[in-house]
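**Student:** So that we are looking at the same thing, I have put the structure below in structure tokens.
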Amino acid sequence: MTELTHLTIEDALKGLKNKDFSAKELAEAHIEAMEGARDLNAFIVETPEIALKQAEESDKRYASGDEGLLDGIPFANKDLFCTEGTQTTAASKILEGFVPQYTSTVGQNLADAGAVMLGKANLDQFAMGSSNTTSAFGNVINPWKTSDGKDLVPGGSSGGSAAAVAARISMGATATDTGGSIRQPASFCGISGIKPTYGRCSRWGVVAFSSSLDHPGPLARTVKDNALMLQAMAGYDPKDSTSANKPVPDYAAAMTGDMKGMKIGIPKEYRLDGMPEEIQKLWDQGAEWLKEAGAEIVDISLPHTKYALPAYYIIAPAEASSNLARYDGVKYGHRSKDAETLAEMYAKTRAEGFGDEVQRRIMIGAYVLSAGYYDAYYIKAQKIRRLILNDFEKAYETVDAILTPTAPSAAFPIGENEDDPIKMYLNDVFTVTANLAGVPGMSVPAGLDANGLPLGLQILGKAWDEETVFKVGGVIEEAAQFNAMPQKVMSKAA
Ligand code: GLN
């Protein structure tokens, strides 16, 4: 029998229904994998006791035939999602010791579907980063290695979630995507992930980074598994004022593989100067796969693409500087011990509690929002955001979905780009547009680069049309037959 930790969610659900194994056995196998892979540092807190308790309850539901959509499926919960009774840190010292009194809506939806929480996954601090090196709890290590065994970043910010899923520690994971944090780590770790339409998954109980750009969503190894995860996570939530009151379609059912009559756009502005040739080739290959499946490939233009990154790095820090004002040493977590006055307590708490990248964002955000600069930066960025949305809406008058690479490189060594924030920000060049426009985007592993590292292709869709994204993603997955596995898992399975 396949090792339990290597099953897809789809197959694990079948096995559980057939009573081939119990939810408890499934949980135990994953707990063992989690404990055996601590060198990846994918978790900030492990919660094996919660997992076992939930698994036992799941087994009871299977026994009585009233199991939920994801009953018994172990998942990693990004440590940005509040969990009642379990520490939630956003990977920042400022929240160390913060134990929420409530569970995020998305986390609750997963629990209601019967999913089993293995632990709180490591991430970039407050989800700011593309490499998971800004966590106050140490870097996450990508289970994929260079041929000479060097450690690589898992991408960010959902690096712990992605590494756990890729290393077969967890079947799925929660994640958030503000500028690419689901899709880029999926690409770097050789798994799939979808950022749904803004408003599809509730943000309630998710530590806010940039409220108008934050999108909760899933990570899993297959496109179908993402469909199952998102099905459970999504839905209207009156507690989030930007949550949409729309029915959630049957995502797995949308994966028909039928591309007939479909038009897929290839945006010329995503052909960057200096992009590695193998990424360009993989992109062409992806278009070819879709064509072979019956789609028509159409060249399109998204003319404001080049302004997306600068606009994102104004809007996201602006909102962050406002959202993060609440961490003042009074209400949550860390409080400086050596302050004499109230003002000093605020200042020292924030200086001690926030990491460098978070402080950089707060300063940029405060600057672009300050009188005198507000119009020149913030308002201008908002105008660009509208133009980017217009670009997508215009393109979607002719095409059903858009195909691009997910990231301009494969996973890079830990430490690279560290002293050069601008270079780090360039990682998000293909992903931030969908956050600014609020449209859905998925990354599917499509091939390996010359060093044997995974590369993803991105499928962008119309607002509320995740179904087409799943359909196209399923076709890419089927054609790519990506079944390479990271070294960390291979050595364990051998
Ligand atoms: N890398 C981007 C940033 O640092 C996006 C992060 C995210 O999507 N949370 O802001």
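The values are calculated or read from the model by the stated rules, or taken from the named source; none is laboratory data. What you see is a predicted model; the values in this text were computed from it and never measured. Don't worry about glycine lacking a Cβ; one is built from the backbone with ideal geometry, like all the others, and counts go over all protein chains shown. Ligands, DNA and RNA are excluded from the accessible area calculation, which covers all protein heavy atoms including side chains. Shrake-Rupley method; radii C 1.70, N 1.55, O 1.52, S 1.80 Å.
**Student:** List, please: which pairs have Cβ atoms under 6 Å, are six or more places apart or on different chains, and start with a residue in the stretch 459-484 that is more than 15 Å from residue 254 (Cα to Cα) and end with one that is among the polar types (S, T, N, Q)?
**Tutor:** Every condition considered, the pairs that remain are 463/197.
**Student:** Right, next: With farther than 25 Å from residue 156 by Cβ and in contact with a Ser or Thr (Cβ under 6 Å, 6 or more places away or on another chain) as the only criterion, which of 63, 12, 29 stands out?
**Tutor:** 29
**Student:** Same structure, new question: Which of (1) more than 16 Å from the ligand (Cβ to nearest atom); (2) under 18 Å from residue 410 (Cα atoms); (3) among the hydrophobic types (A, V, I, L, M, F, W, C) does residue 70 not meet, given it meets every other one?
**Tutor:** (2)
**Student:** Additional query: On the basis of being more than 22 Å from residue 112 (Cα to Cα), modelled with pLDDT of 95 or more and surrounded by fewer than 20 Cβ atoms within 10 Å (Cβ to Cβ), does residue 299 make the cut?
**Tutor:** Details: more than 22 Å from residue 112 (Cα to Cα): yes; modelled with pLDDT of 95 or more: yes; surrounded by fewer than 20 Cβ atoms within 10 Å (Cβ to Cβ): yes.
So residue 299 passes the test.
**Student:** List every residue pair whose Cβ atoms lie under 6 Å apart, where the two residues are 6 or more positions apart in sequence or sit on different chains, the first residue falls within the stretch 311-328 and is in contact (Cβ under 8 Å) with a residue 24 or more places away in the chain, and the second residue, located anywhere, is surrounded by 22 or more Cβ atoms within 10 Å (Cβ to Cβ) and among the polar types (S, T, N, Q).
**Tutor:** Correct list of pairs: 316/210; 319/210; 320/210.
**Student:** Right, something else. Considering only the stretch 282-332, state which residues are under 25 Å from the mean Cα position of the chain (by Cα) and of a type in the set (Gly, Ala, Ser).
**Tutor:** Residues satisfying the conditions are 286, 287, 308, 311, 316, 318, 320, 321, 322, 325.
**Student:** OK, next. Does residue 109 qualify as being part of a helix (DSSP H, G or I), among the polar types (S, T, N, Q) and touching a Cys at 6+ places or on another chain (Cβ under 9 Å)?
**Tutor:** So residue 109 passes the test.
**Student:** Can you name the residue in the stretch 204-262 that is more than 20 Å from the chain's Cα centre (by Cα) and not in a loop (DSSP other than H, G, I, E, B) and is also nearest to the ligand (Cβ to nearest atom) among such residues?
**Tutor:** 254
**Student:** Does any residue of the stretch 126-136 turn out to be crowded, with 24+ Cβ neighbours inside 10 Å and away from the ligand (no atom under 16 Å from the Cβ)?
**Tutor:** no
**Student:** Now for a separate question. Between a first residue in the stretch 96-107 that is free of Cβ contacts under 8 Å to residues at least 24 places away in the same chain and a second residue that is open to solvent by 30 Å² or more (accessible area, probe 1.4 Å), which pairs have beta carbons less than 6 Å apart while being 6 or more apart in sequence or on different chains?
**Tutor:** Close Cβ pairs (under 6 Å, with a partner that is open to solvent by 30 Å² or more (accessible area, probe 1.4 Å)) amount to 99/87.
**Student:** Additional query: If we keep just the residues of the stretch 413-437 that are within 14 Å of the ligand (Cβ to nearest atom), in a loop (DSSP other than H, G, I, E, B) and open to solvent by 10 Å² or more (accessible area, probe 1.4 Å), which is modelled with the highest pLDDT?
**Tutor:** 429
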